[in-house]
Amino acid sequence: MVTKQEIQEWIKNNPYATNSKLVKQFGLSKQRASANLIAYRKKKGIKKSVGAFNNENGNGKQKARNIIIKHIYKSGLNSGKILSLPFSKCNIEKQILSEIGKKFSFIGYERDEKVYWKMFKTIQKHKLPIYPMLGDIGYELETAHEDKYNHLILDYCCQLGTIVEDMKSMFQANIVQVGGIVAITLSKRINKLGQSSKVYGEMKRLIKNENDIETIHAFKTFFSKVCGFNYSIEEIFEYHDTCSMALIIIKRLK
Ligand SMILES: C[S@@+](CC[C@H](N)C(=O)[O-])C[C@H]1O[C@@H](n2cnc3c(N)ncnc32)[C@H](O)[C@@H]1O
């Protein structure tokens, strides 16, 4: 009888796996096929499409991209490896390659399956130096070794509470090289802070009214704590995407 490990290995090598393909391949019951697919996706942090990002042409978004590129250029680290979230269009990666130079390569994560395959096609069509990865970038942030990347472009557009643990491990492990930048985009709504996190109580205390000033103050407090003395917050840019957003640029100093 086929083992769980064999099924999981097969799903890994067949990203288009569906319940019916599993039933056909291994003679599984529909229930067992579905349980295996769900377990695999959960482990890898893969999500089904639910209202993917839809404002890649927004004015504020483009200004934010330009600021990220300005900081990468200024850093002097103008070649090497960048970890990013390219979305289907790979906009910032294309812009970096054309404006800073072709000496960069990227590891591009996407956890939404449909968006991942669109991104895969864009990479092939434009022959972009992006190695595509299907799954949650949090896994890489927690496991990458010291100095692995020149820069990180974590264009999440999510709420801070969902990335608290990723941020802690990423800054502790120093996965970005000295002089490199970490760019993070976050929604200014921060009412979903990770309940289990110790940071939660502190952030709650800082944000009484959830207005812009308090939110930015809370971001600054959070990032200066998780970064420690090896990093500095270089710039915070507030913009409007589909909702109110902030771009935070952090640089590794030592
Ligand atoms: C705001 S978009 C990226 C936009 C792109 N960088 C640009 O310049 O247009 C964020 C993308 O990353 C994906 N994403 C968000 N959080 C993620 C995570 N933790 N792991 C993997 N992908 C994620 C989303 O599904 C979405 O497609």
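Just so you know, all these numbers are worked out from the coordinates, no wet-lab data involved. Fair warning: this is a prediction, and the values are worked out from it, not measured in the lab. No Cβ is skipped: glycine too gets one built from the backbone with ideal geometry, and neighbour counts run over all protein chains shown.
Principal axis extents of the C-alpha atoms in the chain (largest first, rounded to whole Å): 57, 44, 34. Ordering 64-70, 119-125 by mean Cβ neighbour count within 10 Å, with the highest value first, yields 64-70, 119-125. Each of the peptides 34-46, 148-160 was scored by the mean count of other Cβ atoms within 10 Å over its residues; in descending order, highest first, they stand as 148-160, 34-46. Between ARG189 and SER20, the simple label model (points 7 Å from Cα in the Cβ direction) yields a spacing of 3.7 nm. Note that the range 91-97 has calculated 3J(HN,Hα) couplings of 4, 5, 5, 4, 5, 4, 5 Hz, one per residue in order, obtained from phi through the Karplus relation 6.51 cos²θ - 1.76 cosθ + 1.60 (θ = phi - 60°); glycine and proline are x. Calculate log10 I(q)/I(0) of the range 4-44 for q = 0.18, 0.25, 0.26, 0.32 Å⁻¹, where I(q) comes from the Debye formula with a single equal point scatterer on each Cα and nothing for solvent. For the requested q values the scattering log ratios are -0.38, -0.77, -0.84, -1.29.
Most simply put, the chain has about 45% antiparallel DSSP beta bridges, counting only bridges with both residues inside it.
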